[in-house]
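Remarks on the structure that follows.
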Amino acid sequence: MPVEKEFRPKIVAFCCNWCSYAGADLAGSSRLGYPADVKIIRVPCSCRVNPMFILRAFEKGADGVILCGCHPGDCHYSTGNYYARRRMTLLFSLLDYLGVEEGRTRVEWVSAAEGVKFSTVMNEFVDKIRSLGENVRLGDLRCKN
Amino acid sequence: MQRIGVFVCHCGSNIAATVDVKRVVETVKKEQGVVHAEDYPYMCSEAGQALIAAAIKEKNLGGIVVCSCSPRMHEATFRKAAERAGLNPYMVEIANIREHCSWIHKDMEEATEKAVILARAAIAKVHLNSHLQPGESLVTKRALVIGGGIAGIQTALDIAEAGYEVDIVEKTPSIGGRMSQLDKTFPTLDCSACILTPKMVDAAAHEKINLYTYSEVESVSGFVGNFSVDIRKKARFVDMNKCTGCGLCQEKCPSKKAKSEFNRGLNTRSAIYTPFAQAIPNVPVIDTESCVKMKTGKCGLCEKVCQAGAIDYSQKDEIITEKYGAIVVATGFDTINLDQYGEYAYNESPDVITSLELERVMNAAGPTKGHLERLSDGKAPKEIVFIQCVGSRCDDHRGKPYCSKICCMYTAKHAMLIRDKYPDVNVTVFYIDVRTPGKNFDEFYRRAVEEYGVNYIKGQVGKVVPQPDGSLLVQGSDLLDGKQIKMRADMVVLATAIEPEAGVRKIATMLTASIDTNNFLTEAHPKLRPVESPTAGVFLSGVCQGPKDIPETVSQAGAAAVKVIGLLAKDKLLTNPCTAESDTLLCNGCSVCQNVCPYGAIGYEDKEVNDHGIRETRRVAVVNSALCQGCGACTVACPSGAMDLKGFSNRQILAEVDAICR
């Protein structure tokens, strides 16, 4: 009988350059591990993340997308994370409506000093995505072999 | 299609121990456009950089990807290396395979696979990179220091000595800060005022230093080299130019019931007051909360007695706008509020005091004229208990997780001074650990124990109970003996945790300087850039960055000054070329981008466009690249997709997404 392969989700994490990317760096230098399924894309600010990027990730087969930015009030650009928060609230409810479960998307504030939080959040998020299984709703069938 | 070179760093064994670098090299060679790939033990070394330069020239590379540590660490290094080899520095991308890969994964197979994917994403991005050129901006050769404590004073003096103008904004009526409240300083037992006041005078007298006391920063705009700051000069109701500082007004003021902030509320002051005798400027302020004239309109005694005619009840707050090239935050600290710590009976008994209050009690200018006495009945105490780590190294919500760093030393100082002056007083210190790293610090602590006979007990105090006879019952544990201790004390002194000054979050927000969960300002790099904030042009001095003692504060203040001087010495600064850009053909001039821009960098112009052969004039968005900081808020807001961010364009980020999800 063929052994079923362990599900390894594809997870895209958008991290703002000033807080969360630095928080991820701190998690790294503090050796606070999280699963290799998470791949980070650096953006200047959480407000740079266009909902289109997240839709594209799901279309191309991502199983979860997380957006990390500075804590409210601490944005390097003053207000960027507030824009991100509002846009994502809208996008996530739209995704939910389309059948992409709520747990596949997440917004989290991680400061440059929160290496522990970064690692904890990523571990939690990967666990969640693993429990949800493969994302089939938005995947573009033309992208699959 | 660019000709791409990929350089994989081993970082000694930091990367190579968990990532199979050879396999990464072999795999990425198969990527589209990659014409060169190699690995090297230390890519950031001179030899490593030479390797990159040689490959750029030999293989005529149009873009490079360095798989190494975080771009926050070495992106600048590799950009410079590329530039020296004739490649535009913005044709360099970093794949972070150390912090985001080798250091957090243990399984080599997994880590190598991830490193390859991260490299692929960077390759996909660099294909779409464009040759960017930084712009230039002028530097205003003037610095602002927020906070007039020892940190701010030292920073200002050092900057002024280099020949640049400096303004100090201090919210209280006088400069001097916490250090002016201290009696003696460890480990030399110098009198704090004796070493501080000459510096205060130097700062006030310096022709390049301008003091704004009783003033606060109201708002900040602009960017490195070009900040514009609104400063609120609060109404003193005393004319600074006329006042001679004679002090008669304070003497005659009938309202003397306001709590003295300087003496930590242990005694009272008049409604018109200078915080302390050596205050600079020696010009009083009227506290409108307690002034009878302000409240009822009747009194005006100070005006009558002032021979200089300096009292002016009609004074209003004044807003001043100044331009600065650099801003230093030196806002300092306060002790935490002890309302949550009911077990120490701080709010119940006046004989339970904080260490900062003890400084005032022991100071000759303090509420007890320097006599060690109980604040409840004025009696001389015979038994004093010091409790360490009140709120420091505390995991629960009441306290702070960090070590306040200065408490072990000042407690040893207090214990020693008390035993020296009052040898019949018994001093007991309850501690968790005694931490004395610092020059002559441990020697100092040992003197307290060995020469002065201070009784140190390793253990925590669970409860302080005021007794009917006025004494205090201290219940604690001795961890070394494994015994519970109950002892009577006349006075209990709490080594209260320190925290950043309450207003720091507001200031950090105005400066867009990042702040950690404990409200300490964050450094640009914890080890290599400890006095710079991640926000360009904003520098950190003193305890606003983390707990530190006076020598450390003064060193950091000097370091911050050097960084400011280095910045102000430049005539022009290169600006970040990763700014937003609007596509004239797609823009319909709707103004949505303008509304979300936090920098006011977007304006509108009527431009002539050629849309498929139709020539017409349209109102389109134009980005001022000198003001744009490159956050990208406008790119997402733009409904027609006209706005894009150079260096982080839609296509570049989508290419990364595609590469990761492939």
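We did not get these values from a lab; they are worked out from the coordinates using the rules stated. All values reported here derive from a predicted model rather than from experimental measurement. Using ideal geometry, Cβ is built from the backbone for each residue, glycine included, and neighbour counts are taken over all protein chains shown.
Which ³J(HN,Hα) values, rounded to whole Hz and listed in residue order, are derived for the range B:505-513 from phi using the Karplus coefficients 6.51, -1.76 and 1.60 in 6.51 cos²θ - 1.76 cosθ + 1.60 with θ = phi - 60°, glycine and proline given as x?
Result, rounded to whole Hz: 5, 5, 5, 4, 5, 4, 8, 6, 9.
Across the range B:267-334, how large is the tail of the calculated P(r) beyond 16 Å, expressed as a percent of all Cα pairs?
On the way: 1473 of 2278 pairs.
For the range B:267-334, the share of Cα pairs beyond 16 Å comes to 65 percent.
Remind me, what semi-axes does the range B:203-245 give for its equivalent ellipsoid, largest first in whole Å, using sqrt of 5 times each Cα gyration tensor eigenvalue?
Details: eigenvalues 129, 48, 7 Å².
The answer is 25, 15, 6 Å, longest axis first.
Over all distinct alpha-carbon pairs, what is the Kirkwood Rh of chain A in angstrom?
Details: mean 1/r = 0.0646 Å⁻¹.
For chain A, the Kirkwood estimate is 15.5 Å.
Using only Cα atoms, locate the centre of the range B:204-256 and the centre of the range B:153-180, then give the distance between them in Å, rounded to an integer.
12 Å
For chain B, find the longest principal axis of its Cα atoms and tell me its angle to the long axis of helix B:108-126, 0 to 90°, nearest 10.
It works out to around 70 degrees.
Take peptides B:29-38, B:554-563, A:11-20, B:497-506 and line them up by average Cβ neighbours within 10 Å, highest first, as a rough protection proxy.
Values: B:29-38: 15.8, B:554-563: 21.6, A:11-20: 27.4, B:497-506: 19.7.
Ranked from most to least packed, the peptides come out as A:11-20, B:554-563, B:497-506, B:29-38.
Less than 15 Å Cβ to Cβ from B:ASP202, Lys/Arg counted +1 and Asp/Glu -1: what total charge do the surrounding residues give?
On the way: positive: B:LYS199, B:LYS208; negative: B:ASP158, B:GLU161, B:GLU207.
Neighbour charge sum, excluding B:ASP202 itself: -1.
Quick one: what do you get for chain B if you divide its Cα Rg by 2.2 N^0.38 Å? Before the final figure, lay out each step's value.
On the way: Rg = 30.8 Å, N = 662, 2.2 N^0.38 = 26.0 Å.
Relative to the 2.2 N^0.38 Å estimate, chain B comes out at 1.19.
State the Cα centre-to-centre distance between the range B:557-612 and the range B:308-367 in whole Å.
Between the Cα centre of the range B:557-612 and that of the range B:308-367, the gap is 40 Å.
Any chance you could list the semi-axes, whole Å, largest first, of the equivalent ellipsoid that the Cα gyration tensor gives for the range B:4-126, using √(5λ)?
On the way: eigenvalues 91, 43, 29 Å².
Here the semi-axes work out to 21, 15, 12 Å.
Given all pairs of different Cα atoms, what value in angstroms does the Kirkwood hydrodynamic radius of the protein assembly as shown take?
29.9 Å
Identify the chymotrypsin sites (Phe, Trp or Tyr not before Pro) of the range A:68-145 meeting these criteria: DSSP loop state and at most 15 other C-beta atoms within 10 Å of the C-beta. Kindly include the intermediate steps, with their values, before the conclusion.
Working: sites: A:TYR77, A:TYR82, A:TYR83, A:PHE92, A:TYR97, A:TRP109, A:PHE118, A:PHE125; in loops: A:TYR77.
Those that pass, being in a loop and sparsely packed, number zero.
log₁₀ I(q)/I(0) of the range B:382-522 at q = 0.15 Å⁻¹, via Debye over equal Cα point scatterers, no solvent, to two decimals?
-0.82
Can you tell me the orientation of helix B:550-568 relative to chain B, as the angle in degrees between its alpha-carbon axis and the longest Cα principal axis, to the nearest 10?
40 degrees
Using a Förster radius of 25 Å, what is the FRET efficiency between B:GLU289 and B:ASN241 based on their Cβ-Cβ separation? Nearest 0.05, please.
0.45
Averaging over all projection directions, find the projected area of the Cα convex hull of the range B:580-645 and quote it in nm² with one decimal place. List each step's numbers first, then the result.
On the way: hull surface 15.8 nm².
Average projection, Cα convex hull of the range B:580-645: 4.0 nm².
Trypsin sites (Lys or Arg not before Pro), restricted to the range B:316-363: which are DSSP loop and have at most 16 other Cβ atoms within 10 Å? Don't skip to the answer; put the middle values down first.
Numbers: sites: B:LYS316, B:LYS323, B:ARG360; in loops: B:LYS316.
For trypsin sites (Lys or Arg not before Pro) across the range B:316-363 that sit outside H, G, I, E and B with at most 16 neighbouring Cβ atoms in 10 Å, the list reads B:LYS316.
Taking the range B:389-485, which GluC sites (Glu not before Pro) meet the DSSP loop condition and have no more than 15 other C-beta atoms within 10 Å? Walk me through the intermediate numbers first.
Details: sites: B:GLU443, B:GLU450, B:GLU451; in loops: B:GLU451.
Answer in residue order: B:GLU451.
What whole-number volume per residue, in cubic angstrom, does the convex hull of the C-alpha atoms of the range B:551-590 give?
Working: hull volume 5.4 nm³, N = 40.
With only Cα atoms used, the range B:551-590 gives 135 Å³ per residue.
Grab the other residues whose beta carbon is less than 9 angstrom from that of A:SER20, score K and R as +1, D and E as -1, and report the net.
Values: positive: none; negative: A:GLU108, A:GLU114.
Residues near A:SER20 contribute -2 overall.
Between the range B:39-60 and the range A:1-79, what is the C-alpha centre distance in whole Å?
A separation of 30 Å, based on Cα centres.
If you build the convex hull over the alpha carbons only and average its shadow over all orientations, what do you get for the range B:234-362? Give it in nm² to one decimal.
Approximately 11.1 nm², given one-decimal rounding.
For a distance above 20 Å, tell me the whole-number percent of Cα pairs in the range B:445-600 that qualify.
Numbers: 8615 of 12090 pairs.
For the range B:445-600, the share of Cα pairs beyond 20 Å comes to 71 percent.
Any number yet on Rg/Rh for the range A:44-95, C-alpha, Kirkwood? Intermediate results must be reported in sequence, preceding the final value.
Numbers: Rg = 11.4 Å, Rh = 11.5 Å.
Value, to two decimals: 0.99.
For chain A, what's the relative contact order in percent, using C-alpha pairs closer than 8 Å and at least 6 residues apart? Provide the component values of the computation, followed by the final result.
Working: 251 pairs, mean separation 52.2, N = 145.
RCO, chain A: 36 percent.
If one takes the longest principal axis of the Cα atoms in chain B, at what angle in degrees, from 0 to 90 and to the nearest 10, does the Cα axis of helix B:71-84 lie?
50 degrees
Just the number: Rg to Rh for the range B:248-305, Cα atoms, Kirkwood Rh, two decimals. Each step should come with its number before you reach the end.
Details: Rg = 11.0 Å, Rh = 11.6 Å.
That ratio equals 0.95.
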